[in-house]
Amino acid sequence: MSSQQEPSGLQDRWAAEEAKLPISSDTAPYPVEVRRSGRRRRTVSVDLRDGVAVVSIPATFTAGQEKQWVERMVAKLHAKSVQPTHSDTGLVERAAELSARFLGGRARPNSIRWVTNQNSRWGSATPAARAIRLSHKLQGMPDWVVDYVILHEMAHLIEPSHNGTFWALLDNYPHTETAKAFLLGAAYAADHGLSGR
């Protein structure tokens, strides 16, 4: 089989999924740019960059495959963008309350926001900029888990390293160990395709 042909079962499955897509690259709410890569063999990705949906595909894709994958990925991006999310404004207030209650008000981020490009971490902090980013994958998790991640990242604004001083900052939060275990379980389930449903 050539690299430009797919098994008929896969084509049938794509066709069935395509029929469900509510959007095409022609009707997308933003412009679409397709980037072909000789280094890609099978993977397809999409990112929203400066209001443009950038779809990266293998250079070997046929025009038909390109069209199918672009429409699929643009629909996926659009679906993700219209999902309800917790507001970034609410995060600032939440962080201030958590800092006052558990960190003596010592950690005050300049910004805290949800991001969709953080797939291997639950959160990250940039102490120099006093900025915190939280993975959108936390949305829908129990509040005490999200609060732990916010506190964890705010503790990095005080102590960048995972040393004794850092962990002592989290001692006042009563759910630290349970939240860590919850996140380990969530990561394991995601890595192994388990849904619990």
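The values are calculated or read from the model by the stated rules, or taken from the named source; none is laboratory data. What you are looking at is a predicted structure, and each value in this text was computed from that prediction instead of being measured. For neighbour counting, all protein chains shown are included, and Cβ atoms are generated from backbone atoms with ideal geometry for every residue, glycine included.
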Somewhere in region 178-190, is a residue closer than 13 Å to Ala107 by Cα, assigned to a helix (DSSP H, G or I), modelled with pLDDT of 95 or more and β-branched (Val, Ile, Thr)?
no
Output the number of residues of region 122-147 satisfying the condition of being loosely packed, with under 14 Cβ neighbours inside 10 Å, closer than 25 Å to Leu48 by Cα and of a type in the set (D, E, K, R).
0
With the structure loaded, tell me whether His162 is touching a strand residue (DSSP E or B) at 6+ places or on another chain (Cβ under 7 Å) and either on the phi < 0 side of the Ramachandran plot or among the charged types (D, E, K, R) (or both) or whether it fails that test.
no
Scanning region 64-108 for residues that are within 24 Å of the chain's Cα centre (by Cα), polar (S, T, N, Q) and at pLDDT 80 or above gives Gln68
In region 135-169, what count of residues is obtained for those that are in contact (Cβ under 8 Å) with a residue 40 or more places away in the chain, among the aliphatic types (A, V, I, L, M) and either over 22 Å from Gly104 (Cα atoms) or in contact with a Ser or Thr (Cβ under 7 Å, 6 or more places away or on another chain) (or both)?
2
Just wondering, is there one or more residues in region 163-172 that are among the acidic types (Asp, Glu), part of a helix (DSSP H, G or I) and assigned by TED's automatic domain parsing to the domain that holds Val92?
no
Can you say whether Glu97 is surrounded by fewer than 15 Cβ atoms within 10 Å (Cβ to Cβ), part of a helix (DSSP H, G or I) and of a type outside the set (Phe, Trp, Tyr), as far as the supplied structure shows?
yes
